[in-house]
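K.L.:
There's a structure below that I have some questions on.
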Amino acid sequence: MTPAELGEFLAPHGISAVEARRLFAHHVQHGRRNWDVKNLAREKIARVAAVVDTPTLEVIDRRRDPADGFMKYLFALADGARVEAVRIPIFDDKYTLCLSSQAGCPLDCVFCATGRLGFARNLATWEIVEQLRIVRDEADRPLRGVVFMGMGEPFLNYDNVITAARIFADPSGGAISGRAITISTSGVVPAIRRFTDERHPYRLAISLTGATRARRRSLMPAAEKTWPIDELIDAVRAHAAATRDRVTLEYVVIRGVNCGADDAAALCELLRGIPVRLNLIDVNDATGRFAPPSDDERRAFIDALQPLGAPIVRRYSGGKDVNAACGMLAATA
Ligand code: SF4
């Protein structure tokens, strides 16, 4: 629940909106596991404890990559499903959390270990928020950002993800700037349009990874079949116009597959006139089927993309030694 929802829920139990917000901050912002809120009458605390359940997730495993400090968490859910989250160090002074929105994923991007698991279910809002509370409360530095880039397609669990983002951004909740919360989608067009219409403060990132129908169909079959690239690009254009900002596009780069001169030319043609920033992410595939490009191949691809006039960033994806990098989350210890 958001603070407002908690206030409405507790009002019939004689708890004021101000008291509900203090209870919310006690639990979410300060990470307390009881209701011992200062200056709140004992009998009110007893009433809250009688009607508010605060379940948690079990941490089955934590693995830290010694090479770069990325830390992967494996959580067990009450029904036996498992999800992962990754704590990402930012310089030496803070963390960002990459978290999961679904157990497994109904989509089937061929380069992704989560997609190979199949789909179990959507996570409830509290299961998303609890990932943050657990990781943050044992961290040695402040947690200042969240990316919905873990297991699952966040926009297929839209309502719970947006409610979780609201809780993260609330000053009594995660107290994280809305601009430091990024929701990444493989291209769920109706949800992108809804997100645009609702004018959220959170950042949007869209995984493109192919510049033509054929290329995208071979790499992200379910996404391309359901939301074809032309419709996706229309939604990208509308989002850029509504926000007056560049749209972040993610592109998983795969040696010999999607980073040739023809791919660069198709990408320039597809995105002509649309303000974007392009994040290139080397593929991580523990099965060995796909490999990242060579330095020469990547450099040639970036050179060929210069006519776009867009910022092109090579995004670091860490935690490879503990299978925590992009595309590697498979909920295994
Ligand atoms: S890349 Fe994202 S949307 Fe695609 S299968 Fe993996 S988790 Fe699902």
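Every read-out reported here was derived from the displayed coordinates using simple, explicitly stated rules and does not represent laboratory data. Only a predicted model underlies this, so the values are computations on that prediction, with no experimental measurement involved. When we count neighbours, we look across all protein chains shown, and the Cβ atoms used for this are built from the backbone with ideal geometry, even at glycine.
K.L.:
Which value in Å does the Kirkwood hydrodynamic radius of segment 170-316 take, with 1/r averaged over all unlike C-alpha pairs and then inverted?
P.N.:
Final number for the Kirkwood radius of segment 170-316 is 16.0 Å.
K.L.:
Still on this structure: With no other cysteine's Cβ closer than 4.7 Å, which Cys residues of the chain count as lacking a disulfide-compatible partner?
P.N.:
That list is C98, C105, C259, C268, C326.
K.L.:
Pairs of Cα atoms under 8 Å, at least six residues apart: use those to get the relative contact order of segment 182-319, whole percent.
P.N.:
23
K.L.:
What helices does the chain hold that run 15 Å or longer along their axis, going by alpha-carbon atoms, with a Kyte-Doolittle average of 1.6 or more, using DSSP H for the helix calls?
P.N.:
None clear 15 Å together with a mean of 1.6.
K.L.:
Any idea how far apart E269 and R299 come out in nm if each label point goes 7 Å out from Cα toward Cβ?
P.N.:
Using points 7 Å along Cα→Cβ, the separation is 2.8 nm.
K.L.:
Here's a follow-up. Only four residue types carry charge here, +1 at the Cβ of Lys and Arg and -1 at the Cβ of Asp and Glu. Report the dipole size of segment 146-224 about the Cα centre in Debye, rounded to the nearest 20. Before the final figure, lay out each step's value.
P.N.:
Working: 10 positive and 6 negative charges, 74 e Å.
Rounded to the nearest 20 debye, it is 360 debye.
K.L.:
Once label points are set 7 Å from the Cα along Cα→Cβ at both A222 and D79, what is their separation, rounded to one decimal in nm?
P.N.:
Label at A222, label at D79, 1.6 nm between them.
K.L.:
Could you calculate the contour length gain from D230 to A46, that is, 0.36 nm times the residue separation minus the distance between their Cα atoms, to one decimal place in nm?
P.N.:
Difference between extended and current length: 60.6 nm.
K.L.:
Let me make sure I get this right: for the chain, a, b and c are the square roots of the gyration tensor eigenvalues over alpha carbons, sorted descending. Under 1.5 in a/c it's rounded, otherwise prolate if a/b > b/c, else oblate. Which is it?
P.N.:
prolate
K.L.:
Still on this structure, please answer the following. Using a Förster distance of 30 Å, how high is the FRET efficiency between N34 and A4, based on the Cβ-Cβ distance and rounded to 0.05?
P.N.:
Details: r = 23 Å, r/R0 = 0.76.
Efficiency at R0 = 30 Å is approximately 0.85.
K.L.:
Where Lys and Arg each count +1 and Asp and Glu each count -1, what net charge lies around L308 among other residues with Cβ under 14 Å from its Cβ?
P.N.:
0
K.L.:
Here's something else I'd like to know. Output the antiparallel fraction of DSSP beta bridges having both residues in the chain, as a percent to the nearest 5.
P.N.:
45
K.L.:
Which of the three applies to segment 55-114, rounded, prolate or oblate, going by the alpha-carbon gyration tensor with a ≥ b ≥ c and a/c under 1.5 meaning rounded?
P.N.:
Because a/c hits 1.5 or more and a/b fails to exceed b/c, segment 55-114 counts as oblate.
K.L.:
Hey, with R₀ at 41 Å, roughly what FRET efficiency would R199 and Q306 work out to, going by the Cβ-Cβ distance, to 0.05?
P.N.:
It comes to 0.80.
K.L.:
Figure the gain on full extension for R141 and D245 (residue separation times 0.36 nm, minus the Cα-Cα span) and round it to one decimal in nm.
P.N.:
Working: separation 104, 0.36 × 104 = 37.44 nm, distance 3.08 nm.
Once the chain is fully extended between R141 and D245, it gains 34.4 nm.
K.L.:
Something else about it: Between A11 and R121, what length in nm is gained on full extension when 0.36 nm per residue of separation is reduced by their alpha carbon distance?
P.N.:
Contour length minus the Cα-Cα distance gives 36.4 nm.
K.L.:
Continuing with this model, one more query. Around V146, which amide H atoms from residues at least 5 apart in sequence, or from another chain, sit under 5 Å from its own amide H, with H modelled in the peptide plane?
P.N.:
For V146, whose amide H was placed from the backbone, the distant partners under 5 Å are L97, I181, T182.
K.L.:
Let me ask something additional. Over the chain, calculate the relative contact order: mean separation of alpha carbon pairs under 8 Å at least 6 apart, over the residue count, as a percent.
P.N.:
Result for the chain is 16 percent.
K.L.:
Further question on the same structure: How big is the equivalent ellipsoid of segment 16-116 along its three axes, where each semi-axis is √(5λ) from the Cα gyration tensor, reported in whole Å from largest to smallest?
P.N.:
Equivalent ellipsoid of segment 16-116: 35, 19, 12 Å, largest first.
K.L.:
Averaged across orientations, what area in nm² does the convex hull of the alpha carbons in segment 128-225 project?
P.N.:
Value for segment 128-225: 7.0 nm².
K.L.:
Also, quick follow-up: Suppose each label sits 7 Å from its Cα in the direction of the beta carbon; what would the D262-A291 distance come out to in nanometres?
P.N.:
Once both label points are built, they end up 2.1 nm from each other.
K.L.:
Now for a different question. Using alpha-carbon positions, what is the distance between the centroids of segment 180-253 and segment 1-68, in Å?
P.N.:
About 35 Å separates the Cα centre of segment 180-253 from the one of segment 1-68.
K.L.:
Follow-up. Under 1.5 on a/c is rounded, so check that first for segment 233-333, then, if it is not, pick prolate when a/b is larger than b/c and oblate when it is not; a ≥ b ≥ c are the square roots of the alpha carbon gyration tensor eigenvalues.
P.N.:
Oblate shape, in that a/c is at least 1.5 and b/c is the bigger or equal ratio.
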